[in-house]
Amino acid sequence: MSGAPGVDSTRLEAYWKEQWRLILTLLVIWFAVTYLHPPFAASLNNIRILTGFPLGYWLSSQFAITVYVILIFVYALTMNQVIDKKYGFEEEE
Amino acid sequence: MAQEAGYTPLTRAQISAFRRRLAKYYGSFFIFLIIFTLILLLLENVGLPKAYIGYAFIFLTLALYAFIGILNFTRRLEEYYVAGRRVPAFFNGMATGADWMSAASFISMAGTLWLLGYDGLAYIMGWTGGYVLLALLFAPYIRKFGQYTIPDFVATRYGEKARLTRLVAAICAIIVSLAYVTAQVTGVGIIMSRFFGLDYRVGVFVGLAGVLVCSFLGGMKSITWTQVAQYIILIVAYLIPVTFLSGKLTGVPFPQLMYGQALSHIAQLEQSMNLASYVQPFKQALSNASAITAFKQIGLTPPEPITVRDWVGTPWQFLALTLCLMAGTVGLPHILIRYYTVPSPKEARISVGWSLFFIWLLYVTAPAYAAFSRWEVLQNVVGQPINALPAWTTSWIRTGLLTIKDANGDGLLQFNELTINPDIVVLATPEIAGLPFTIAALVAAGGLAAALSTADGLLLVISTAVAHDIYAKIINPNAPYGRRFFLSRLMILISAIIAALLAIPQFALIVQLVAWAFSLAASTFFPVILLGIFWKRANANGAIAGMIGGLIVCFAYMIANYIDPRINVLGLSHLSAGIFGMAANFLLLIIVSLATAPAPKYIEDMVDQLRIPVGEMRLPAPGTAPGTAPGVAPAGHD
């Protein structure tokens, strides 16, 4: 299978929709771990976690960036292993 | 048209054999690096002079890069521009890591955190979070498009005015990359002069030779395989000193977890010394100090010093800068083209994950460097009698990176009597941890690897923008194959020399330009590529208006705020000017596209094809008029 002409458009549309649901969900998480905590960093810093990290500092320096790595792998694996397969977009050979 | 014959994808058996071979090569290289370091440690113990250890590291690494470069000599455009599109996701991730992490990430980022505290975390989140956007919204589609350069993408997608869009995109790519590469060359010169006692200018040219040996002969193919080796060197060099330091200070050699302890100690010490809190957010005032330095250096009359404190304590600058750096990441051509080199869109998705994982290793460690050295300075340097400072300080005072001045004449060192150059944080850590010189030389080799690998990627972008986009696609589309190659190599040489000449005077403005490169990329490529992929209605008129308008708005805010910080919106500094450029680009792109005729049918079909993650793109044959049926010329073979 290759190129748009051979793919029927309802299947492509459904595929596209399901893919967007995944992308938007992940983007909401991305937004939350990036932008929701810094405005409250000063008060969050009063809480200490793990070996003594101020919470506000830790959320930016470790939590957010670790979530980013996980988000990308979740996206890539869900797309490659689940969604692409469901709609028949699998590698040739 | 220059045609390339017989470049076929590998079969499955060939691919797995290729992967096994790569794993074996780089695995043995890693072991060799460790053994080599151990041998030098032994030799240092029996009295080998420091200078020789330094030279051993430099020449070993440069020889290795040259070896990989020569091994990957190529006469195929497909290999020269996109490494044959055969780079497995995992290794492309390592190469992207090295491509991404420059001298600034390796040497200066920990120091920036040291100085800025919480506010510096905008760089940590901004320079990693962009990869989420890259994975979800860009990389698989860029790969599906399957071209050679980013201007290729823009010109093909906005094909109604292919030449103009290509020219504007090529110029943007050159501006962004040239500023960036000059800073890398400056970094090379600094490392060479500081560690190996070479003259700064000699260091610049030795380093440049190192860049040229990898990119000149084999283009993207040799750059890729060199960058994988460079990643291994830089990450080993970055992790070793701070791991030892963590072991020494806390008893647990796990810096990423243990620097929480350092932060607690810092807080107590700050309280007892009445210092501002390190983790307190949003402390930065707006000032034009950097503009004054830059103006003086170029010989212009500097503006009056102005400091604006109105916005201290508000989060706007932090949030805007984070967004700007993220959008800029996704707009940087030298990173985007790395996703042309993987075999398929599916590999591209996974590859971004590996890229960020390899980058994460360094970024999650940088704040540990900053915290441990701040603890060390507050505990053992500040408050001590000036004639009894720890041993590591003396050698750095000699280099001028650390200055102390007993302003009140009490014989004790107060915090405000101490000035620290941010670069010292990573460079001095081996000594603070009491490690032998061999480790310091390894760190220098790591810094060199970081600078060279980024410079490689950038030089390739500049040379292809000129040789491929401007010459072969706009000026002389019938250029013979050999001449394109010749021109590509010539451009690498010329842009390397230009970068070296710009780097020699060490303009403060250059550092500024790098910070601005992200804003510029966010204001030009980010909206145009994003809407190009996801919005069929976006057309060439909109893209041209968007890129030019974004560039102008971004520059205008930058320059105005840089010179007079009183000109600002919500206290955003010139570093976040990309927010405004990006908004202008999106607005213009949408309004102008809607006001003019929709893109022709063949472009809409192209966007439809983009959404299918398998198979190669079928693009209209070059030269077909808009509206005619798409031809069958496969991507990248024109």
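Solvent-accessible surface of the range A:9-86, taken per residue with a 1.4 Å probe and all protein chains present: 46 Å². Of the accessible area of the protein assembly as shown, computed with a 1.4 Å probe over protein heavy atoms only, carbon and sulfur atoms account for 68 percent.
Taking the Cα centre of the range B:384-462 as reference, the dipole from Cβ charges on Lys and Arg (+1) and Asp and Glu (-1) amounts to some 100 debye.
Rolling a 1.4 Å probe across all protein chains gives B:Ser355 an accessible area of roughly 0 Å².
Under the simplified labelling scheme, the B:Thr314-B:Ala388 pair shows an inter-label distance of 4.9 nm, with each label point 7 Å from Cα along Cα→Cβ. Cα centroids of the range B:467-526 and the range B:266-327: how far apart, whole angstrom? Going from one Cα centre to the other spans 32 Å. The helix-only estimate of mean residue ellipticity at 222 nm for the protein assembly as shown, built from DSSP H runs of length n ≥ 4 each weighted as -39500 (n - 2.57), is -21000 deg cm²/dmol after division by the residue total.
With r as the distance between the Cβ atoms of B:Ala63 and A:Asn46 and R0 = 56 Å, compute the FRET efficiency 1/(1 + (r/R0)^6) and round to 0.05. Efficiency, rounded to the nearest 0.05: 0.55. For trypsin sites (Lys or Arg not before Pro), no site in the range B:18-64 is both called loop by DSSP and has at most 16 other Cβ atoms within 10 Å. Each of A:Ser61, A:Val28, A:Asn45 was placed along the dipole of chain A (beta-carbon charges, centred on the mean Cα), and the one lying farthest toward the positive end is A:Asn45. Count Lys and Arg as plus one, Asp and Glu as minus one, and take only other residues whose Cβ is under 15 Å from that of B:Arg194; the net charge is then 0. Placing a pseudo-label 7 Å from each Cα along the Cα-to-Cβ vector at A:Phe63 and B:Phe29 gives an inter-label distance of 3.8 nm.
Quick check for me: using +1 on Lys/Arg Cβ and -1 on Asp/Glu Cβ, what's the dipole size of the range A:2-93 about its Cα centre, in debye to the nearest 20?
Roughly 600 debye for the range A:2-93.
For the protein assembly as shown, the dipole from Cβ point charges (+1 on Lys and Arg, -1 on Asp and Glu) about the Cα centre works out to 1100 debye, to the nearest 20. Extending 7 Å from the Cα toward the beta-carbon at both B:Ala13 and B:Leu275 defines two label points whose distance is 6.5 nm. Roughly speaking, what is the centre-to-centre gap between the range B:150-219 and the range A:28-59 when only Cα atoms are used, to the nearest Å? For the range B:150-219 versus the range A:28-59, the Cα centre distance is 37 Å. Computed from the Kirkwood radius of its Cα pairs, the Stokes-Einstein diffusion coefficient for the protein assembly as shown at 20 °C and 1.002 mPa s stands at 81 µm²/s.
For the chain pair A and B, the interface hides roughly 4900 square angstrom of accessible area in total, found with a 1.4 Å probe. Between the range B:5-36 and the range B:535-578, the alpha-carbon centres lie 44 Å apart. Dimensions of chain B based on its C-alpha atoms, expressed as ranges along the principal axes with the largest first, amount to 84, 57, 43 Å.
Seen from all sides and averaged, what is the projected area of the convex hull of the Cα atoms in the range A:9-86, in nm²?
Details: hull surface 24.0 nm².
Its Cα hull, projected and averaged over all orientations, spans 6.0 nm².
A 1.4 Å probe run over the protein chains yields, for chain B, 35 Å² of accessible area per residue, whole-number rounding. Projecting the Cα atoms of B:Ala540, B:Phe196, B:Ile53 onto the charge dipole of chain B, computed from C-beta unit charges around the Cα centre, puts B:Ala540 farthest toward the positive end.
The values are calculated or read from the model by the stated rules, or taken from the named source; none is laboratory data. Every value quoted in this text rests on a predicted model; they were computed, and no experiment measured them. Positions of Cβ are backbone-derived with ideal geometry, glycine not excepted, and every protein chain shown enters the neighbour counts. Ligands, DNA and RNA are excluded from the accessible area calculation, which covers all protein heavy atoms including side chains. Shrake-Rupley method; radii C 1.70, N 1.55, O 1.52, S 1.80 Å.
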